[in-house]
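Enquirer: First, the structure itself, so that you have it in front of you.
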Amino acid sequence: MKRRTFMQRAGLSGLGLAITNSLLACNTNESKEKATVAAATKTAEGPMVISTWNVPNANNKAWEVLAAGGNALDAVEQGVKVEEADTKNQSVGKGGRPDRDGRVTLDACIMDHQGNYGAVMCVQNYTHVISIARKVMEDTPHVILAGAGAEQFAAAQGFEAEDLLTEATKKDWEKWKETSDYKPVINIENHDTIGMLAIDAEGNISGACTTSGLAYKMAGRVGDSPVIGSGLFVDNEVGACTATGMGEEVLKTVGSFLVVELMRHGKSPQEACEEAIRRIVKDNPRAKDVQVGFIAINKAGETGAYCIHPGFQYIVNRSEKTELFDGKAAIG
Ligand code: ASP
């Protein structure tokens, strides 16, 4: 055999070997991937709902929907609406703390088991932004509407406009203006912002996230909560995650998508939340001053939660009884 022919054949058979090897590797990876997804797709034993912070009324409402055979999407929407309407909760909906100019602006998003997603950002004068987000998801060709456009859409859909600044939040804001010192306090600035994940009797997962964002933020500031993959992500094959806390830090790491993707590759919800927090904290001089918390579920109904600093709580219903937990923390 002439040298050239030999080299060509050798090259070709080497290439063949390389292709076969990479196909084998692909197959092995593919079957590994299938194995991890298969492990996670053990379906949950029954419906469940989990939320950030101590929000028993919201969780109980969602449970009521699930217990009556309702689907996870309705459960999370109905559940978080309870907090949106509760003026005592100063981080969500009506009564939420305003931006530094005194305007209450709300962000929300919702995601269903088919990967559909809808969000609104920086919305004034409408309490139930989660329902507007659902309308965006179901009745428009878009996934996000912001500001005046979202308000115009809400009005056209028949949502009632109202003033969201209550006497109590107005007073707090006026007090804040005396110094205008902007320094969000860990576990205070974010208390009660609600992210909720539910599994229904069919084993389908949905999630919702709604907030007035950081108190005394700059006008136009939007956090992680309405951004797909940051404040919320649902993958019905694997699980779901939602976040609370300093949105800027969650956005930079696309936190909720990261947690779900880590679960897809075999991590438990707890391990995945811990890894996502580690990525935020690592080499981050801001970590000592900010709080971020994740909650996650997988298809089997296992839960996980992790945060940067102690003080984060989450609440779970697997029956009409709510269970409140303290989230484990990375620092302190
Ligand atoms: N994550 C929300 C935001 O950054 C606020 C919060 O959860 O406290 O807008």
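Enquirer: For the chain, what does the alpha-carbon gyration tensor say about shape, rounded, prolate or oblate, given a ≥ b ≥ c as the root eigenvalues, a/c under 1.5 as rounded, and a/b over b/c as prolate? Walk me through the numbers on the way to the answer.
Expert: Details: a/c = 1.99, a/b = 1.79, b/c = 1.12.
Cα axes put the chain in the prolate bin.
Enquirer: Skipping prolines and chain starts, which residues have an amide H placed within reach, meaning under 5 Å, of the one on LEU106, given they are 5 or more residues away or on another chain?
Expert: CYS122, VAL123, GLN124
Enquirer: Still on this structure, I have one more. Sorting LEU258, LEU66, LEU251, LEU324 on the 10 Å Cβ count, fewest up front, what's the list? It would help to have the intermediate numbers written out before the result.
Expert: Values: LEU258 22, LEU66 25, LEU251 18, LEU324 13.
Listed from fewest to most nearby Cβ atoms, that is LEU324, LEU251, LEU258, LEU66.
Enquirer: Would you calculate, for the chain, the mean residue ellipticity at 222 nm contributed by helices, counting each DSSP H stretch of 4 or more residues as -39,500 (n - 2.57) and dividing by all residues, to the nearest 500?
Expert: Values: 9 runs with 128 residues, N = 332.
Mean residue ellipticity at 222 nm (helix-derived): -12500 deg cm²/dmol.
Enquirer: Just the number, please: percent antiparallel of the DSSP beta bridges in region 74-148, rounded to the nearest 5. All intermediate terms of the calculation are to be shown ahead of the outcome.
Expert: On the way: 5 of 8 bridges.
Bridges in region 74-148 that DSSP calls antiparallel: roughly 60 percent.
Enquirer: Ok, one more. Tally the DSSP beta bridges in the chain and give the antiparallel ones as a percent, rounded to 5. Before the final figure, lay out each step's value.
Expert: Details: 45 of 51 bridges.
Taking every DSSP beta bridge with both residues in the chain, the antiparallel ones total about 90 percent.
Enquirer: Another question, then. Per-residue HN-Hα couplings for region 104-111, Karplus 6.51 cos²θ - 1.76 cosθ + 1.60 at θ = phi - 60°, whole Hz, x for Gly and Pro?
Expert: Karplus-based 3J(HN,Hα) across region 104-111 equals 7, 10, 10, 10, 7, 8, 9, 9 Hz.
Enquirer: For region 69-85, what does the Karplus curve 6.51 cos²θ - 1.76 cosθ + 1.60, with θ = phi - 60°, yield as ³J(HN,Hα) per residue in whole Hz, taken in order and with x for Gly and Pro?
Expert: x, x, 8, 5, 5, 4, 4, 5, 5, 4, x, 6, 4, 4, 6, 4, 7
Enquirer: Whole angstrom only: what separates the Cα centroid of region 262-308 from the Cα centroid of region 111-156?
Expert: Using only Cα atoms to place each centre, the spacing works out to 27 Å.
Enquirer: Just rank PHE233, PHE257, fewest to most, by other beta-carbon atoms within 10 angstrom.
Expert: Working: PHE233 30, PHE257 18.
Starting with the residue having the fewest Cβ neighbours, the order is PHE257, PHE233.
Enquirer: Additional query: Write out the chymotrypsin sites (Phe, Trp or Tyr not before Pro) in region 142-228 meeting two conditions: DSSP loop, and at most 16 other Cβ atoms within 10 Å of their Cβ.
Expert: Values: sites: PHE153, PHE159, TRP173, TRP176, TYR182, TYR216; in loops: PHE159, TYR182, TYR216.
Counting only loop positions with at most 16 other Cβ atoms within 10 Å, the chymotrypsin sites (Phe, Trp or Tyr not before Pro) in region 142-228 are TYR182.
Enquirer: Which shape class, rounded, prolate or oblate, goes with region 237-332 when its Cα gyration tensor gives a ≥ b ≥ c as root eigenvalues, a/c under 1.5 marks rounded, and past that a/b bigger than b/c marks prolate?
Expert: On the way: a/c = 2.16, a/b = 1.30, b/c = 1.66.
Taking the square roots of the gyration eigenvalues as a ≥ b ≥ c, region 237-332 is oblate.
Enquirer: Per-residue HN-Hα couplings for region 228-244, Karplus 6.51 cos²θ - 1.76 cosθ + 1.60 at θ = phi - 60°, whole Hz, x for Gly and Pro?
Expert: Going residue by residue, I get 4, x, 9, x, 7, 8, 10, 10, 5, 7, 10, x, 8, 8, 9, 10, 9 Hz, with x marking Gly and Pro.
Enquirer: While we're on this one: I want to verify a result. In a Gaussian network model of the chain, Cα cutoff 10 Å, which of these has the top mean-square fluctuation: ALA119, ALA75, ALA219?
Expert: Between ALA119, ALA75, ALA219, it is ALA219 that shows the largest mean-square fluctuation.
Enquirer: Still on this model: Taking H as built 1.01 Å from N, whose amide H comes closer than 5 Å to the amide H of GLY118, not counting residues under 5 places away?
Expert: The list, which skips near neighbours in sequence, is ILE110.
Enquirer: Label region 200-280 by shape, choosing from rounded, prolate and oblate, from the square roots a ≥ b ≥ c of the eigenvalues of the Cα gyration tensor; if a/c is under 1.5 it is rounded, and otherwise prolate applies when a/b is larger than b/c, oblate when it is not. Write out the running numbers ahead of the final one.
Expert: Values: a/c = 2.85, a/b = 1.53, b/c = 1.86.
Taking the square roots of the gyration eigenvalues as a ≥ b ≥ c, region 200-280 is oblate.
Enquirer: Starting from the amide H of THR127, placed 1.01 Å from N in the peptide plane, find each other amide H under 5 Å away whose residue is 5 or more places distant or on another chain.
Expert: Here the answer is GLU162, since their amide H atoms fall under 5 Å of that of THR127.
Throughout, read-outs are computed from the coordinates displayed, never taken from laboratory work. Every value quoted in this text rests on a predicted model; they were computed, and no experiment measured them. Every residue, glycine as well, gets a Cβ built from its backbone with ideal geometry; the counts of neighbours run over all protein chains shown.
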